[in-house]
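Read through the structure below, which is laid out as structure tokens, and then see the notes.
The values are calculated or read from the model by the stated rules, or taken from the named source; none is laboratory data. Since the structure is predicted, the reported quantities are computational estimates derived from the model, not experimental observations. In this analysis, Cβ positions are derived from the backbone assuming ideal geometry, glycine residues included, and neighbour counts consider all displayed protein chains. Areas reflect the complete protein model, heavy atoms only, side chains present, ligands, DNA and RNA absent. Shrake-Rupley method; radii C 1.70, N 1.55, O 1.52, S 1.80 Å.
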Amino acid sequence: MIELDGVSFRYPGGETALSDVSMRLEAGEKVVLLGANGSGKSTLLRILDALEMPQAGTFRFRGEAVSGRRLRNKAWARDFRRRVVLLFQNPEAMLFNPTVHDEIAFGLRRAGVEGVEERVRSWAHRLDLSRRLSASPLALSQGEKQRTCLAALLVLEPEVLLMDEPTSSLDPRSTGWLVDLLEELPATVVTSTHNLSLAAELGGRALVLGEDHRLISDQPTAETLADTETLYAANLMHTHRHRHGALEHRHYHLHDWD
Ligand SMILES: Nc1ncnc2c1ncn2[C@@H]1O[C@H](COP(=O)(O)OP(=O)(O)OP(=O)(O)O)[C@@H](O)[C@H]1O
């Protein structure tokens, strides 16, 4: 469903953000994207959402090359944007409607879909937002904002859901709920995180970006988590000194904070 071949990307005037990345995602796969700060996770998600175009390599969606020229075709772009959606790291970037209800309804109204009201209520219920439908999105807590953004995307019933560090503003209950939702969702899902303790729950397959912006590992998540060499190389693990009384020794530690 998604194919990247030799994709490299550099922001205007910036350093390389992605280097020679190739991978394939099948429909319905749940994949976790791991990498240290600055390794290129957000950039990769932005390319998969066609917000950035790689300077080298190709991105194919359902067998078709995604290019600037294709996106200038309004009907093609509208169809792509309904099928592939991205939950930004910062939910504020996505919220601009006066109420939570309008926020969730926005994409449906724009797409001219039938039964807007019923769909909005159903997703608000699934995301525990029913009591907040008339609130301003700006008056919500971070976790509620995140869930509102997610409802606004899921109501479109996308084929591909891309999520950039979604757990950073969620408390344990909401995180548990997100993990359960992922299990039920038929969509292909790519979730970025540097929280290794959640990786296995977010996807059965793990892609790891190294600090050189290359894809350094693509294997089942359980194998990645046991692969200390790769985790160390990706700077997802470190050693530090411990003191127990007069004794000092070194431990390996996973970087599992958000
Ligand atoms: N808008 C931008 N302009 C210039 N350089 C950028 C821009 N956004 C990101 N970069 C650079 O591209 C590289 C990859 O950044 P990216 O945000 O994709 O990494 P990340 O893995 O998502 O990091 P984090 O875990 O901190 O969110 C970094 O070196 C970063 O400084």
Exercise for review: Mind listing just one residue for me: the one in region 180-195 that is out of contact with any Ser or Thr (no Cβ under 9 Å at 6 or more places or on another chain) and in a helix (DSSP H, G or I) and, of those, most open to solvent (accessible area, probe 1.4 Å)?
Suggested key: Glu183
Practice item. Identify the single condition in (1) surrounded by 14 or more Cβ atoms within 10 Å (Cβ to Cβ); (2) in contact with a strand residue (DSSP E or B) (Cβ under 9 Å, 6 or more places away or on another chain); (3) modelled with pLDDT of 95 or more that Ala27 does not satisfy, given that it satisfies every other one. Key: (1)
Study note, to complete from the structure: Of those in region 196-212 that are part of a loop (DSSP other than H, G, I, E, B) and within 16 Å of the ligand (Cβ to nearest atom), the residue farthest from Arg126 (Cα to Cα) is Asp212
Exercise for review: Could you pull out the residue among Thr148, Thr167 that is over 23 Å from Val32 (Cβ atoms) and of a type in the set (Ser, Thr, Tyr)?
Suggested key: Thr148
Exercise for review: State all residues of region 21-53 that are within 13 Å of the ligand (Cβ to nearest atom) and farther than 27 Å from Thr228 by Cα; if no residue qualifies, say none.
Suggested key: Arg46, Ile47, Leu48, Asp49, Leu51, Glu52
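I'm trying to understand the selection: among the residues of region 54-66, which are open to solvent by 40 Å² or more (accessible area, probe 1.4 Å) and at negative phi?
The answer is Gln55, Ala56, Thr58, Arg60, Glu64.
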Practice item. Please name all residue pairs, on different chains or six or more residues apart, with Cβ atoms under 6 Å, provided the first residue is in region 33-48 and is of a type in the set (Lys, Arg) and the second residue is near the ligand (Cβ under 6 Å from one of its atoms) and open to solvent by less than 10 Å² (accessible area, probe 1.4 Å). Key: Lys41/Gly35
Practice item. Could you please find all residues in region 122-135 being farther than 12 Å from Leu154 by Cα and touching a residue at least 12 places away in the same chain (Cβ under 8 Å)? Key: Asp128, Leu129, Arg132, Leu133, Ser134, Ala135
Review point. Of Arg70, Arg24, which residue is part of a strand (DSSP E or B) and free of Cβ contacts under 8 Å to residues at least 24 places away in the same chain?
Key: Arg24
Review point. From the set of residues in region 1-20 that are of a type in the set (A, V, I, L, M, F, W, C) and part of a strand (DSSP E or B), which is farthest from the ligand (Cβ to nearest atom)?
Key: Ile2
Exercise for review: Run Pro158 past the list (1) part of a loop (DSSP other than H, G, I, E, B); (2) more than 27 Å from Leu25 (Cβ to Cβ) and report the number of the one that doesn't hold.
Suggested key: (2)
Review point. Just a yes or no: is a residue in region 34-53 buried (at least 22 other Cβ atoms within 10 Å of the Cβ) and in a strand (DSSP E or B)?
Key: yes
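For the structure I just gave you, tell me whether Asn73 is within 11 Å of the ligand (Cβ to nearest atom), over 22 Å from Gly210 (Cα atoms) and open to solvent by 30 Å² or more (accessible area, probe 1.4 Å).
Working: within 11 Å of the ligand (Cβ to nearest atom): no; over 22 Å from Gly210 (Cα atoms): yes; open to solvent by 30 Å² or more (accessible area, probe 1.4 Å): yes.
So Asn73 fails the test.
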Practice item. Show the residue pairs that are 6+ apart or on different chains and have beta-carbon atoms under 9 Å apart, the first residue being within region 213-227 and touching a residue at least 40 places away in the same chain (Cβ under 8 Å) and outside any helix (DSSP H, G or I), the second being within 16 Å of the ligand (Cβ to nearest atom) and open to solvent by 80 Å² or more (accessible area, probe 1.4 Å). Key: His213/Glu15; His213/Asp20; Arg214/Asp20; Leu215/Asp20
